[in-house]
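The values are calculated or read from the model by the stated rules, or taken from the named source; none is laboratory data. No experiment lies behind these values; they were computed from the predicted model shown. Here the Cβ positions follow ideal geometry from the backbone for every residue, glycine too, while neighbour counts run over all protein chains shown.
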4 protein chains.
Amino acid sequence: MKVSEAMSHPAVSVPTGTPLRQVAREMAEYGVGSVIVTEGGALRGIVTDRDLALAALDSGLDASEAIDSVMASPVITVNVADDIHAAYRTFRTAGVRRLPVLEDHRVVGVLTVDDMLIDVFQRLADLLGPVAWSVLEEPPGPPSADTRSRKA
Amino acid sequence: MKVSEAMSHPAVSVPTGTPLRQVAREMAEYGVGSVIVTEGGALRGIVTDRDLALAALDSGLDASEAIDSVMASPVITVNVADDIHAAYRTFRTAGVRRLPVLEDHRVVGVLTVDDMLIDVFQRLADLLGPVAWSVLEEPPGPPSADTRSRKA
Amino acid sequence: MKVSEAMSHPAVSVPTGTPLRQVAREMAEYGVGSVIVTEGGALRGIVTDRDLALAALDSGLDASEAIDSVMASPVITVNVADDIHAAYRTFRTAGVRRLPVLEDHRVVGVLTVDDMLIDVFQRLADLLGPVAWSVLEEPPGPPSADTRSRKA
Amino acid sequence: MKVSEAMSHPAVSVPTGTPLRQVAREMAEYGVGSVIVTEGGALRGIVTDRDLALAALDSGLDASEAIDSVMASPVITVNVADDIHAAYRTFRTAGVRRLPVLEDHRVVGVLTVDDMLIDVFQRLADLLGPVAWSVLEEPPGPPSADTRSRKA
């Protein structure tokens with residue numbers, strides 16, 4: 001199983017030099033918690049909503065400042081053709097919650113801890129067999145609007 | 001098993017009226033991703049780092065604005081004496097990632113999805129028996145400084 | 001959450017003195033992998049299909065022999081009113097796959113590792129939220145007749 | 001990740017024509033719950049301790065009878081070079097608890113549901129990071145002799 005099969009979130013990206021304000025708008029519009037920063041298509045950094053909050057309110061950066069000084073860089077990545085098992089090892093050693101996915105040095109997606117938990121869940125379901133489906137017949141409660149704003 | 005045994009994060013809280021800037025500072029100092037808002041000790045709201053990022057950079061609120069207009073309210077909670085199973089059900093229906101924990105109407109902690117995943121992990125370890133420990137003998141990689149900044 | 005909510009298998013039981021042949025028939029008829037042995041309603045032992053196989057074919061016991069010399073005794077148990085968490089701890093320390101469940105010194109059920117794995121699965125589903133259900137929309141393959149004969 | 005990395009149990013096998021008594025002895029000696037039946041190295045069937053118990057005590061077969069009429073055949077298998085993900089799918093659709101592992105039409109191992117649960121557990125540990133190890137610092141109770149006789 002490849003990384004490409006588990007990554008569920010297309011990467012939202014902005015070019016270097018984008019103002020903090022615009023990065024926040026992208027996060028709001030696409031309902032994601034992190035944005036990739038690229039330069040000529042090449043990965044330069046990654047920034048989370050938390051990074052933005054601390055930059056604007058704790059460090060006091062202006063909303064018009066470029067994202068470049070706020071983004072984390074360099075970035076730990078995985079390759080789209082990697083075995084998913086390699087991604088697990090990378091999460092274990094890197095201590096992060098999201099990994100940009102590269103194909104030929106370009107970002108084609110993001111792999112999150114939540115994507116991986118879904119993978120774990122599916123595997124457990126496979127092992128439990130039909131009983132897993134019967135257990136989940138009970139409806140999961142109202143599809144919550146909050147799920148859109150879950151940290152990606 | 002009670003909620004009190006699983007909640008690992010003491011709640012970081014601020015009074016209503018606290019400026020956004022100060023809330024961001026508390027999040028940075030304590031390495032948490034959400035802060036409880038109280039009034040005379042009573043829970044009034046909850047705010048995440050993402051809420052702060054969007055308020056300051058997307059909505060354009062000033063750093064001196066009070067947290068009151070930004071916080072989510074009312075807040076879904078669990079009781080410190082609840083069975084942990086009730087907390088699972090609440091997570092299922094509420095679609096959130098953290099629940100303030102109340103004791104006599106006062107917030108005594110926060111229960112996060114990550115706390116609950118640890119509970120799931122421990123249960124699985126209990127079922128696998130000694131083999132679970134042998135599997136984990138391999139060191140988990142360098143204790144990452146990043147773990148401190150994981151979203152709480 | 002109590003043990004009573006997780007135990008899915010009514011206990012199949014036989015009185016002390018029952019011949020091995022009859023115990024095997026009960027296991028075949030009810031599709032279970034273990035049988036409780038009682039005396040005047042009180043728990044005396046537990047026997048698995050494996051115990052029967054080795055007794056009859058490795059030790060060479062006759063099919064008319066009483067189950068008493070084959071059953072494991074004494075038996076580690078849990079109480080029907082115990083918190084499910086206590087059952088996890090018991091599985092961890094006891095190294096067995098099934099625990100008879102007692103109510104007022106009488107056996108009212110059996111709690112298996114498989115019951116507990118279903119509990120773990122449900123908790124993980126609760127944490128993942130609606131996405132868990134969407135993942136499992138794919139049918140689990142033909143409901144297999146083999147599930148009936150899975151070791152209880 | 002390949003099937004070869006997850007299969008922990010070398011396959012115990014007997015040739016077709018082996019008496020039931022001898023198959024039970026192999027199960028007892030190697031502490032396994034199933035045995036592969038081969039003919040000239042080629043897989044012909046698989047038999048569990050439960051199959052033996054019912055054959056000897058419910059069906060009344062003599063201990064000197066050949067295993068051939070008791071074994072399940074044909075047998076669902078996986079290939080040693082298969083991605084582990086293919087094995088999950090096979091478990092899901094086949095409704096069995098163990099799959100012989102083939103390499104060039106010869107059995108080189110057995111993959112069990114328990115092996116796969118260990119794989120699930122490791123993945124979850126990878127995602128939880130260092131906290132997973134700290135949780136498991138508590139000793140798992142006395143290393144139980146029972147683990148040897150757990151159904152393979």
>> Scan the stretch C:7-16 and tell me whether some residue there is of a type in the set (S, T, N, Q), over 24 Å from D:Met27 (Cα atoms), touching a residue at least 40 places away in the same chain (Cβ under 8 Å) and surrounded by fewer than 18 Cβ atoms within 10 Å (Cβ to Cβ).
In response: yes
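Residue by residue, here is whether (1) within 20 Å of B:Asp126 (Cβ to Cβ); (2) modelled with pLDDT of 90 or more; (3) aliphatic (A, V, I, L, M) holds:
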site: D:Leu52; (1), (2), (3): no, yes, yes
site: D:Pro100; (1), (2), (3): no, yes, no
site: D:Val108; (1), (2), (3): no, yes, yes
site: D:Val113; (1), (2), (3): yes, yes, yes
site: D:Leu124; (1), (2), (3): yes, yes, yes
site: D:Arg148; (1), (2), (3): yes, no, no
site: D:Ala152; (1), (2), (3): no, no, yes
> Is there a residue being charged (D, E, K, R) and either touching a Leu at 6+ places or on another chain (Cβ under 9 Å) or crowded, with 19+ Cβ neighbours inside 10 Å (or both) anywhere in the stretch D:59-71?
Replying inline: yes
> Only one residue in C:Gly31, C:Gly40 is in contact with a Ser or Thr (Cβ under 8 Å, 6 or more places away or on another chain), modelled with pLDDT under 95 and either more than 22 Å from D:Arg25 (Cα to Cα) or not small (Gly, Ala, Ser) (or both), so which one is that?
Replying inline: C:Gly31
>> Can you confirm whether D:Leu61 is farther than 25 Å from A:Glu5 by Cα, free of Cβ contacts under 8 Å to residues at least 60 places away in the same chain and in a helix (DSSP H, G or I)?
In response: no
> If you scan the stretch A:77-124, which residues turn out to be part of a strand (DSSP E or B) and buried (at least 19 other Cβ atoms within 10 Å of the Cβ)?
Replying inline: A:Val78, A:Arg98, A:Leu99, A:Pro100, A:Val101, A:Leu102, A:Val107, A:Gly109, A:Val110, A:Leu111, A:Thr112
> Of all residues in the stretch D:1-31, which are in contact with a helix residue (DSSP H, G or I) (Cβ under 8 Å, 6 or more places away or on another chain) and among the hydrophobic types (A, V, I, L, M, F, W, C)?
Replying inline: D:Met1, D:Val3, D:Ala6, D:Met7, D:Val12, D:Val14, D:Leu20, D:Val23, D:Ala24, D:Met27, D:Ala28
> Which residues, taken from the stretch A:29-47, are β-branched (Val, Ile, Thr) and touching a Lys or Arg at 6+ places or on another chain (Cβ under 7 Å)?
Replying inline: A:Val37, A:Thr38
> Within the bounds of the stretch B:43-63, is there any residue that is in contact with a strand residue (DSSP E or B) (Cβ under 8 Å, 6 or more places away or on another chain), of a type in the set (A, V, I, L, M) and closer than 24 Å to A:Ser64 by Cβ?
Replying inline: yes
>> Checking B:Ala11 against (1) within 28 Å of A:Ser34 (Cβ to Cβ); (2) in a loop (DSSP other than H, G, I, E, B); (3) over 14 Å from the mean Cα position of the chain (by Cα), only one condition comes out false. Which one?
In response: (3)
> For the stretch C:23-36, what are the residues that are under 22 Å from D:Gly60 (Cα atoms) and buried (at least 18 other Cβ atoms within 10 Å of the Cβ)?
Replying inline: C:Val23, C:Ala24, C:Met27, C:Val32, C:Gly33, C:Ser34, C:Val35
> Taking the stretch D:28-44, which residues are assigned to a strand (DSSP E or B) and more than 13 Å from the chain's Cα centre (by Cα)?
Replying inline: D:Thr38, D:Glu39, D:Ala42, D:Leu43, D:Arg44
>> Given (1) on the phi < 0 side of the Ramachandran plot; (2) surrounded by fewer than 24 Cβ atoms within 10 Å (Cβ to Cβ), identify the lone condition not met by A:Ala56.
In response: (2)
> When the stretch C:64-107 is examined, which residues are found to be under 19 Å from C:Gly45 (Cβ atoms), of a type in the set (Ser, Thr, Tyr) and out of contact with any strand residue (DSSP E or B) (no Cβ under 7 Å at 6 or more places or on another chain)?
Replying inline: C:Ser69
> Out of the stretch B:71-112, which residues are within 11 Å of chain A (Cβ to nearest Cβ) and among the β-branched types (Val, Ile, Thr)?
Replying inline: B:Ile76, B:Thr90, B:Thr93, B:Val96
